[in-house]
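First the structure, in the form of structure tokens, and then the observations on it.
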């Protein structure tokens, strides 16, 4: 397990116990009965149908929402009470909200990721600027450093926001559908870049994705979320039991198609 490989501390990074959440008392719960753990260094894909509560789940991990029942612990503390530990989490939302006319360059945006550590009005050090430039180079956007953020394509903006999230050297990186707007050719490269962060740094990663076929080649574990949680380890991906358990999960369609190709291959061999 990667969490054991990258250090002696095997305490789960994320611990969720019998957690339920509803946006209003009179509404059906968005999430219910969720028990979940993620160890250090594990690369996890979170999948499931739209409206199933994936983004809500991420906000609970970030402490932006408080569960109605149960608990959500991150780094061993209740998520809403992380305090300065919040700097150990890098987060890229599904769609960043900003004024496209805001006069900030891509480099300025990446450097904003260091403000929690340095302070908003403090001068950014030379070492921070060098780190920002290295991160931009890692994601292929170094040449865009001086370009206004609003002038970038959506895919370029997403890579900029990921570089920003990595500025404080987080132990946990949370990505909410980061590949939206990235063309097909760029998907494989993107997943390889994120996977390399996981391999090189032992960084735990949670990624919400609809690109099941692509992401399955890189992650350690896959969880399907549709109001409650269905767990699939990577070793069980092609498995009839998982197909039955998946139910409403979009993994179901992918696995059935995958199995169909396997069955056709064996029929042709006969």
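Coordinate-derived values only; no laboratory data. Note that the structure is predicted; figures quoted are calculated from it, not measured. With ideal geometry, Cβ positions are generated from the backbone for all residues, glycine too; neighbour counts draw on all protein chains shown.
Structural remarks
- Segment residue 81-residue 129, length gained on full extension (0.36 nm per residue, minus Cα span): 14.3 nm
- For the range 126-177 versus the range 180-200, the gap between their alpha-carbon centres in whole angstrom: 14 Å
- Prolate/oblate/rounded label for the range 53-92 (Cα gyration tensor, a/c 1.5): oblate
- Cα centroid separation - the range 209-232 against the range 23-84, whole Å: 16 Å
- The convex hull built on the alpha-carbon positions of the range 17-102 has an orientation-averaged projected area of 7.5 nm².
- Computed FRET value (nearest 0.05) for residue 146 with residue 115, which takes r as the C-beta separation and R₀ as 22 Å: 0.65
- Once you divide the Cα radius of gyration of the range 8-64 by 2.2 N^0.38 Å, the number left is 1.26.
- Expected-Rg normalisation [2.2 N^0.38 Å, Cα atoms] applied to the range 115-230: 1.15
- Projected label points at residue 37 and residue 20, each 7 Å from Cα along the beta carbon direction, are separated by 2.4 nanometres.
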